[in-house]
Amino acid sequence: MASLDYSYRRLVNILGPERVSRDPMERLIHSHDVASLPKIALLQWKMIPDFVVVPKTVEEVSRLVELAYEAGLPVVPRGGGTGLVGGAVPNRGGVLVDMRRMDRVEAVDLERRTVTVQAGRTWKELADIVGSRGLFLPIAPLGAPASTIGGWYSNGGVGIGSYKYGDARDLVLELEAVLPSGEIVRTADGNVDLSMAYGNMNPAFFGAEGTVGLITRATLQLYPKPEALMPFSYSFPALRDAQEVPAAITDSDLDPYNASILDPVHLAFLGAVRPDTLEPQALVNVVFDGPKDEVLASEKEMDALIGGLGGRKLAEAIAKAQWDARFDLYPARRISGGLVITETEFPVKRFPEMIQRAARLTRRLRLQVAVNSFLVDRNAVAVDPYFLMDEQKPLGPMSLAFVKKFGDAAFALGGHPQGLGLFTAFNFPRMHKGALGLYGTVKSQFDPYRRMNPGKMTEVWTRYTWPIINTIPPEIMGFGLDVAAFLRRLKPTADHYVKIPKGAR
């Protein structure tokens, strides 16, 4: 405690008392992300940070990291808290660095079509700002109103617009980051091509979950604002009836800005909290951008393609409402108080098999699961199932086994889970295989004393520092979730939060 008191005084010397907090409620708020975890997890991890700090400049971040290194405290960077796997959640307390006050847009270059922005600005805010200047930020996370520039990049961001424009890595020209030593570095030269010939280090931070450095600023490539951006919606009775849609789109010459499929269960969840929601059905939402005449031509082709698969085109007002609500997918949390989302990628051609496996797994674990998805590129489809969880029920927390089992299904079909963090680091060996040793080498060079968001990639730290119980082998963590799955299968009744019409199942 005396050591923490001393660290607190030093933090206050750097930032001032108004930007350093030891308040129990403030620290509790920063002890989780979107994921719902049972309270018993606090026995395994110290998820409540010792301090919450709010820097405004890269120099302040550098000094914070240096102080934490000297004090032996872990540093946990946090953006908007929209992660799903505990990437921004402490495991041994330490200093949680809330980046949201580093939100200044430093420059918009109309001639080169670039924007330089601090890492704490959200994607939705930045898109609106550059849009007012006639420019277009073409990709965005599903949590864009809260997800930050640095946070989504660190999570390996793919999302809305990725099918046509790529992932977050394809937009970033240059990053500014603070290394675990406190050194401030630039990862590339934003004035030149992104070729590796120029020593581009941007990929080192992409998907690294803040484990090799803390991103503080980014220069992004923008595009001219499209003449038209038009959404279209199509209906199928059930998800299985839409199973051929992803492959049909990727095999065609169509190049949509975004294409997603919503599960009837998702609409049933929405309908429980919003009475004006559509009746449960499978929805295919497609968006085209570009010159208006090309968009209209693409609309006709898509109409024919979906019609040939048995789909029905919905009214323009419905399509617009779906597009306007694209960032608000999970209000159903209020039904049970807990909501668990898992992110995976599957080969497009295996999408029908994925639907079958998801349905089988849902029945076995006695759950109601909404299986939403969107196209990432012509080879991959992102599948983001979610379900409600009531922690107060005896076997409620055991439903987390779905995350492990659905990840197993992704591996079996040639895909993989997305995201590594406190709750899913056990997937690292299976996801990256030969890269395990390489990442360990990179981590040891950047962070030899393991202070920067540690214990969430190649190993899973616990809250304890004693040998043997200070880490959880990936096999043990996976085995624990397998046991949870076995217990769920013994549950006599299934979870039924909403009623699903028989034809929509």
Exactly one condition in (1) open to solvent by 60 Å² or more (accessible area, probe 1.4 Å); (2) under 20 Å from A504 (Cα atoms) is false for A317; which is it? (2)
Starting from residues that are open to solvent by 30 Å² or more (accessible area, probe 1.4 Å) and among the hydrophobic types (A, V, I, L, M, F, W, C), keep the ones in the range 330-365 and report whichever is farthest from G415 (Cα to Cα). I335
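Inside the range 154-180, can you point out the residues that are of a type in the set (G, A, S) and in contact with a helix residue (DSSP H, G or I) (Cβ under 7 Å, 6 or more places away or on another chain)? Can you show your working first?
Our first condition is that a residue be of a type in the set (G, A, S); within the range 154-180, this holds for 154, 156-157, 159, 161-162, 166, 168, 177.
Correct list: S154, G157, A168, A177.
Please pick out the residue among S260, S298 that is surrounded by 15 or more Cβ atoms within 10 Å (Cβ to Cβ), out of contact with any Asp or Glu (no Cβ under 7 Å at 6 or more places or on another chain) and under 18 Å from V348 (Cβ atoms). I'd like the intermediate steps shown before the answer.
On the way: S298 fails: under 18 Å from V348 (Cβ atoms).
Residue meeting the stated conditions: S260.
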Checked the range 38-70 for anything free of Cβ contacts under 8 Å to residues at least 40 places away in the same chain and crowded, with 16+ Cβ neighbours inside 10 Å; matches are A41
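Checking the conditions here, which among A127, A144 is touching a Ser or Thr at 6+ places or on another chain (Cβ under 7 Å) and of a type in the set (A, V, I, L, M, F, W, C)?
The conditions single out A144.
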Go through (1) open to solvent by 30 Å² or more (accessible area, probe 1.4 Å); (2) more than 20 Å from A304 (Cα to Cα); (3) under 25 Å from the mean Cα position of the chain (by Cα); (4) of a type in the set (D, E, K, R) and name the single condition E279 misses. (3)
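What number of residues within the range 415-457 satisfy the criterion of being part of a loop (DSSP other than H, G, I, E, B), open to solvent by 60 Å² or more (accessible area, probe 1.4 Å) and of a type outside the set (K, R)? Break it down into steps so the answer makes sense when it comes.
First, pick out the residues of the range 415-457 that are part of a loop (DSSP other than H, G, I, E, B): 415, 418-424, 433-434, 447-451, 453-455, 457.
Within this subset, residues satisfying the condition of being open to solvent by 60 Å² or more (accessible area, probe 1.4 Å) are 433-434, 448-451.
Retained after the next criterion (residues that are of a type outside the set (K, R)): 434, 448-449.
Residues flagged as part of a loop (DSSP other than H, G, I, E, B), open to solvent by 60 Å² or more (accessible area, probe 1.4 Å) and of a type outside the set (K, R) within the range 415-457 amount to 3.
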Scanning the range 38-67 for residues that are out of contact with any helix residue (DSSP H, G or I) (no Cβ under 8 Å at 6 or more places or on another chain) and hydrophobic (A, V, I, L, M, F, W, C), the one farthest from T471 (Cα to Cα) turns out to be V58
Among the residues that make up the range 471-478, is at least one of them buried (at least 18 other Cβ atoms within 10 Å of the Cβ) and among the acidic types (D, E)? no
Anything in the range 27-65 that is at pLDDT 95 or above and acidic (D, E)? List them, or say none. D50, E59, E60
Subset of the range 404-414 that is open to solvent by less than 20 Å² (accessible area, probe 1.4 Å) and part of a helix (DSSP H, G or I) - its residue that is nearest to L367 (Cα to Cα): F406
Exactly one of these conditions fails for V12: (1) free of Cβ contacts under 8 Å to residues at least 12 places away in the same chain; (2) part of a loop (DSSP other than H, G, I, E, B). Give me its number. (2)
Here's a check for you: in the range 109-129, which residue that is among the hydrophobic types (A, V, I, L, M, F, W, C) and open to solvent by less than 50 Å² (accessible area, probe 1.4 Å) is farthest from T82 (Cα to Cα)? V115
Residue pairs meeting the criteria (Cβ under 6 Å; at least 6 apart or on separate chains; first surrounded by 19 or more Cβ atoms within 10 Å (Cβ to Cβ), in the range 229-242; second polar (S, T, N, Q) and part of a helix (DSSP H, G or I)): S233/Q322
Sole exception among (1) small (G, A, S); (2) modelled with pLDDT of 90 or more; (3) out of contact with any strand residue (DSSP E or B) (no Cβ under 9 Å at 6 or more places or on another chain); (4) surrounded by fewer than 23 Cβ atoms within 10 Å (Cβ to Cβ) for A401, by number: (4)
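I'm trying to understand the selection: among the residues of the range 15-37, which are in a loop (DSSP other than H, G, I, E, B) and surrounded by 14 or more Cβ atoms within 10 Å (Cβ to Cβ)? Spell out the reasoning first.
From the range 15-37, those in a loop (DSSP other than H, G, I, E, B) are 16, 22-23, 30-37; that's our starting set.
R22, H30, S31, H32, D33, V34, A35, S36, L37, listed by residue number.
Identify, please: which residue in the range 470-505 is part of a loop (DSSP other than H, G, I, E, B) and closer than 20 Å to F428 by Cβ and is, among those, modelled with the highest pLDDT?
Residues of the range 470-505 that are part of a loop (DSSP other than H, G, I, E, B), as a first pass: 470, 473, 490-501, 505.
Restricting the remaining residues to those that are closer than 20 Å to F428 by Cβ gives 470, 473.
Working: N470: 91, P473: 82.
Result: N470.
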Confirm whether L270 is assigned to a strand (DSSP E or B) and hydrophobic (A, V, I, L, M, F, W, C). no
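Name the residues in the range 328-353 that are within 30 Å of D390 (Cβ to Cβ) and either at pLDDT 95 or above or in contact with a helix residue (DSSP H, G or I) (Cβ under 7 Å, 6 or more places away or on another chain) (or both), would you? Step through it out loud before you land on a result.
So in the range 328-353, the residues within 30 Å of D390 (Cβ to Cβ) come out as 328-346.
Across the range 328-353, the qualifying residues are P331, A332, R334, I335, L339, V340, T342, T344, E345, F346.
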Against the conditions (1) in contact (Cβ under 8 Å) with a residue 60 or more places away in the chain; (2) over 28 Å from S373 (Cα atoms); (3) in contact with a strand residue (DSSP E or B) (Cβ under 7 Å, 6 or more places away or on another chain); (4) surrounded by fewer than 19 Cβ atoms within 10 Å (Cβ to Cβ), where does T219 fall short? Just the number, please. (4)
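The values are calculated or read from the model by the stated rules, or taken from the named source; none is laboratory data. The structure displayed is predicted, hence computed values, not measured ones. Note that each Cβ is placed from the backbone with ideal geometry, even for glycine, and that neighbours are counted across all protein chains shown. For the accessible areas, the whole protein counts, side chains as well, though only heavy atoms, and no ligand, DNA or RNA atoms are used. Shrake-Rupley method; radii C 1.70, N 1.55, O 1.52, S 1.80 Å.
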